[in-house]
Amino acid sequence: MTSSRTACVSEVFGQAPRVLKLATYRQRLICAAAAGLLLTLAFPQFNLSALAWVSPGLLLLATAGAPSRDIFRIGYAGGLAHYLSSLAWLLYLPFPQTAWLGWLALSAYCALYPAMWVWLCWKLAPPIKSNSADGTTHGSGAILESLFASGWCRRQLWLLLCAAAWVALELARGRLLTGFPWNFLGVSHYQTLPLVQIASVTGVLGLSFILVWFSAALLCTAVSIVRRPTERWAWLAEMFLPMTALMFVAGWGFVQVTRTESEVRHLNVALVQPSIPQKIKFNPEENAKAFQRVLDLSELALATKPDLLIWPEAVVPGFLRFDDKLLATVTGLARTNNVSILLGADDAERRPDQSEEADYFNSAFLVAPDGRLVGKYNKRHLVIFGEYVPLAKWLPFLKWLTPIGAGFTPGTKPARFELVHPTRGATLSPLICFEDLLPHLARESAAEADILVNLTNDGWFGRGAQQWQHAANAAFRAVETGRPLVRCTNNGLTCWVDAQGRLHEIYFGDSPDVYSAGFKTARIPIGPRKTTFYQRHGDWFGWGCVTVTLLAWLLAERSKKGWAKRADKP
């Protein structure tokens with residue numbers, strides 16, 4: 001009976017080269033595109049985070065054994081499917097031509113990274129003998145079989161190198177060309193708090209590493225089951241190391257999540273979300289009416305007697321310091337209610353070397369309860385085509401692609417805002433717009449602060465997934481730095497995030513509509529200022545993965561050249 005069952009299973013499963021083979025280029029493209037779309041579903045608003053454990057491995061399968069010239073193109077197809085779908089919120093921009101161009105250009109750029117990843121992974125795989133006249137290896141089965149022929153230790157090393165290469169490329173995407181660290185793979189698990197805690201040591205890149213390692217190991221597990229279908233525990237050898245690491249990280253994270261601080265004071269804040277449509281910003285009359293809405297909501301919020309009132313980015317319709325009426329309105333509100341106000345507004349400073357020229361800034365201001373402007377921060381990381389036009393001096397036609405006009409000048413340093421009575425010396429460090437996506441920048445801002453505060457205007461993107469994705473990404477800055485993060489937005493996720501990554505005050509009462517106008521109140525805990533390992537050492541893990549990936553690639557190229565020379569000898 002046992003022998004007949006074994007024969008039946010063997011007949012059904014056959015050998016890996018036959019079962020796992022993707023016969024045509026079209027089939028590979030479909031598989032890669034499916035991997036990219038599944039990855040999109042792992043992020044907000046779909047939140048099917050389990051798919052992040054599968055998608056990288058599926059992308060590897062789509063490219064396994066493909067001719068070298070096709071691996072990059074297949075990987076690019078998967079990346080393009082992912083970014084076109086996950087960044088579709090760019091189409092909500094109120095400038096249709098700019099929206100379409102930005103969506104296509106940014107997706108096309110970001111798709112280069114998954115393509116480079118699969119190309120690197122198979123470059124780092126153990127070499128196998130060519131089975132074609134032109135020296136290329138065709139068939140996924142052959143390359144997957146070669147992984148098992150190389151031995152368990154070498155296969156596990158390859159899995160680790162796949163994860164390291166992914167992290168290295170995420171770090172590159174977050175830094176190159178001013179950086180676009182949107183939706184790193186680990187962000188898909190922002191709600192899985194025990195796993196999120198690893199970010200306090202490695203940054204979000206550590207969670208990305210675990211997900212890719214596990215996903216690639218699942219691919220090897222599938223091959224192992226196909227190769228030896230009657231050996232019930234054959235898969236365990238492939239999953240042992242990543243599962244052990246996952247259990248350790250989850251167990252350690254669970255301890256961190258359940259830990260509580262005994263000495264905590266609180267800052268009472270009121271957050272105003274005016275939900276101003278972006279087109280109004282370019283109409284002075286409508287913009288003035290929208291600012292009155294901000295003032296009306298603030299009066300309601302101030303009835304709760306907060307220590308700090310917070311407005312979102314660029315909510316003031318003009319230059320606060322140079323418009324006497326605006327300045328009197330804001331400072332009068334602070335004096336009348338004896339409250340500190342943190343707000344976003346444009347600012348300008350005359351250039352010292354050119355008396356007729358000025359630099360313009362996207363700024364945050366702190367108004368003291370006595371009406372004085374006691375703090376100012378200039379946004380350091382500007383949005384390309386949203387706040388500045390690259391090469392505008394040499395290519396002035398690029399200004400036609402954006403409505404921003406002259407553009408802003410970046411700030412040079414973080415700011416530290418000291419609150420006065422009754423907040424007992426709480427210290428804030430502001431971030432503006434999508435600066436809360438940048439781990440290294442948030443780390444600098446958190447160095448001497450009790451709380452990070454992000455002022456942003458997500459009203460550019462209507463009512464789409466952008467607001468949820470932005471908040472999910474930002475949550476990791478709180479875990480990485482060990483500081484609460486307060487987010488005040490024009491519309492979307494006005495909320496706050498505690499040091500373990502939990503999102504609080506997401507909704508307006510029982511309403512599921514996060515995009516509407518209103519205000520929220522929150523008690524932000526301020527415990528003893530502690531420094532996380534990531535806060536002390538930064539992206540040590542990411543740069544380590546960059547180093548390991550480069551060294552492994554150089555060694556692999558050298559090894560394969562030596563292997564080819566030996567193979568040519570009679």
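The values are calculated or read from the model by the stated rules, or taken from the named source; none is laboratory data. Keep in mind the model is a prediction, meaning the values are calculated, not measured. Neighbour counts run over all protein chains shown; Cβ positions are idealised from the backbone, glycine included.
Points to keep in mind about this one:
- Residue list for region 179-199, filter: at positive phi and in contact with a Phe, Trp or Tyr (Cβ under 7 Å, 6 or more places away or on another chain): Asn183
- Residues that are acidic (Asp, Glu) and over 29 Å from the mean Cα position of the chain (by Cα) occur in region 319-338; there is at least one.
- Pairs where the first residue, in region 491-519, is under 18 Å from Thr260 (Cα atoms) and the second is hydroxyl-bearing (Ser, Thr, Tyr) and buried (at least 16 other Cβ atoms within 10 Å of the Cβ), C-beta under 7 Å, 6+ apart: Gly501/Tyr190
- Residues in region 511-536 that are within 22 Å of the chain's Cα centre (by Cα) and surrounded by 15 or more Cβ atoms within 10 Å (Cβ to Cβ) were compared, and the one that is nearest to Lys123 (Cα to Cα) is Tyr534.
- Residue match in region 495-509 (condition: at pLDDT below 95, among the basic types (Lys, Arg) and surrounded by fewer than 24 Cβ atoms within 10 Å (Cβ to Cβ)): no
Results for (1) modelled with pLDDT of 95 or more; (2) more than 16 Å from Ala216 (Cβ to Cβ), shown as yes or no for each residue.
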{"residue": "Leu39", "(1), (2)": "yes, no"}
{"residue": "Leu48", "(1), (2)": "yes, yes"}
{"residue": "Pro67", "(1), (2)": "no, yes"}
{"residue": "Tyr83", "(1), (2)": "yes, yes"}
{"residue": "Ala88", "(1), (2)": "yes, yes"}
{"residue": "Val118", "(1), (2)": "yes, no"}
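- All positions within region 172-187 that are surrounded by fewer than 24 Cβ atoms within 10 Å (Cβ to Cβ) and in a helix (DSSP H, G or I): Ala172, Arg173, Gly174, Arg175, Leu176, Leu177, Thr178
- As for region 253-264, it holds no residue that is under 30 Å from Trp460 (Cβ atoms) and surrounded by 16 or more Cβ atoms within 10 Å (Cβ to Cβ).
- Flag if Leu219 is under 11 Å from the mean Cα position of the chain (by Cα) and more than 24 Å from Arg502 (Cα to Cα): no
- Residue pairs whose Cβ atoms lie under 6 Å apart, sitting 6 or more positions apart in sequence or on different chains, and linking a residue in region 43-67 that is under 19 Å from Leu205 (Cβ atoms) and small (Gly, Ala, Ser) to a partner that is at pLDDT 95 or above and in a loop (DSSP other than H, G, I, E, B), are Ser49/Ala42; Ala52/Ala42.
- Residues in region 224-262 that are in contact (Cβ under 8 Å) with a residue 40 or more places away in the chain and of a type in the set (Lys, Arg): Arg227 alone.
- Scanning region 335-365 for residues that are touching a residue at least 24 places away in the same chain (Cβ under 8 Å) and either surrounded by fewer than 20 Cβ atoms within 10 Å (Cβ to Cβ) or of a type in the set (Val, Ile, Thr) (or both) turns up Arg335, Asn337, Asn338, Val339, Ile341, Asp346, Ala348, Asp359, Tyr360.
- Residue check, Arg483 closer than 20 Å to Pro528 by Cβ and either touching a residue at least 24 places away in the same chain (Cβ under 8 Å) or touching a Lys or Arg at 6+ places or on another chain (Cβ under 8 Å) (or both): yes
- Scan of region 473-496 for residues that are β-branched (Val, Ile, Thr) and in a loop (DSSP other than H, G, I, E, B), ordered by number: Thr494
- Answer residue from region 295-316, given it is within 30 Å of the chain's Cα centre (by Cα) and over 29 Å from Arg265 (Cα atoms) and is modelled with the lowest pLDDT among those: Ala314
- Some residue of region 336-344 being part of a helix (DSSP H, G or I), at pLDDT 95 or above and assigned by TED's automatic domain parsing to the domain that holds Val420: yes
- Subset of region 54-77 [crowded, with 20+ Cβ neighbours inside 10 Å and within 21 Å of His189 (Cα to Cα)]: Ser55, Pro56, Gly57, Leu58, Leu59
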